[in-house]
Amino acid sequence: ALVPLLQFIKLQAKKKNVSSGLLFVIVLLLFALSLILEAFTGITLYYLAVFVIGYLLGDINFGGENKIKLPLFCISTIIMLAVQVLRLAMRNAFDDSGLYVSVVSFAQTVLGGWICMFIFWLHSIAPRFIDALGQSPLMKWLDKMSFFIYMVHGIFCVGTTFNTFVLIGNIWLATLAFFACSVAAAFVLYGIHSGIMHLINLIGSQKRKSLN
């Protein structure tokens, strides 16, 4: 239901000549408000704000006039690093508090936005390389598995039962174990998903044959 609503808002904005930039600023303000709500009330809305920001950004062609320039990329890199430093500082001062949770949410979003900008910037200076990389077997594998890795990775970094950072004292070994366990669990989940989809397709195929 959210996407049709966003499409309606964008259509009305275009009819009234409201720029995408203004819409983006409004969403950023809502994003900031969602972080404040999460910090002081525990109400989590920032995921919704991030989805809306991604939806608006998806309508922008980062080529030609909208190409990411080096000065903008450098400024965004400085901001990203500053936010990550802020996160580490807040962890030492306000660990496990609602305020720190909001800072973590904000820092992760900024890092994700910077990664997207980094890819767009690389494409502006080396389009053939990025296009070839996007068609490589590694990228196709990551495209296939990324959702499943996202689904399971929290098991190994949240809580205490399977949290590699709790079970392993060395941060580098814990990080390596975290990635290895996440990928392994993702393979299992992908196998279950593939088996279920194969069974559904098989049942559907048999029903179609019986109808014919």
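Summary table
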read-out: Matching residues in the stretch 159-183 - criterion: being exposed (fewer than 10 other Cβ atoms within 10 Å of the Cβ) and either in contact with a strand residue (DSSP E or B) (Cβ under 6 Å, 6 or more places away or on another chain) or closer than 17 Å to residue 145 by Cα (or both); value: none
read-out: Only one of 124, 136 that is touching a residue at least 60 places away in the same chain (Cβ under 8 Å) and open to solvent by less than 60 Å² (accessible area, probe 1.4 Å); value: 124
read-out: Matching entry among 156, 73 (being surrounded by 13 or more Cβ atoms within 10 Å (Cβ to Cβ) and within 30 Å of residue 194 (Cβ to Cβ)); value: 156
read-out: Test for residue 102: is it under 30 Å from residue 194 (Cα atoms) and of a type in the set (Ser, Thr, Tyr); value: no
read-out: Within the stretch 150-174, considering residues that are assigned to a helix (DSSP H, G or I) and more than 20 Å from residue 187 (Cβ to Cβ), the one farthest from the chain's Cα centre (by Cα); value: 167
read-out: Selection count where residues are exposed (fewer than 15 other Cβ atoms within 10 Å of the Cβ) and within 30 Å of residue 101 (Cβ to Cβ), scope the stretch 184-205; value: 2
read-out: Condition check for residue 106: out of contact with any Cys (no Cβ under 9 Å at 6 or more places or on another chain), closer than 17 Å to residue 53 by Cα and at pLDDT 80 or above; value: no
read-out: Among the residues listed as 80, 90, the single one being more than 18 Å from the chain's Cα centre (by Cα), modelled with pLDDT of 70 or more and surrounded by 14 or more Cβ atoms within 10 Å (Cβ to Cβ); value: 90
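The values are calculated or read from the model by the stated rules, or taken from the named source; none is laboratory data. What you are looking at is a predicted structure, and each value in this text was computed from that prediction instead of being measured. FYI the Cβ positions are ideal-geometry reconstructions off the backbone, even for glycines, and counts take in every protein chain you see. All accessible areas refer to the heavy atoms of the entire protein, side chains included, with ligands and DNA or RNA removed. Shrake-Rupley method; radii C 1.70, N 1.55, O 1.52, S 1.80 Å.
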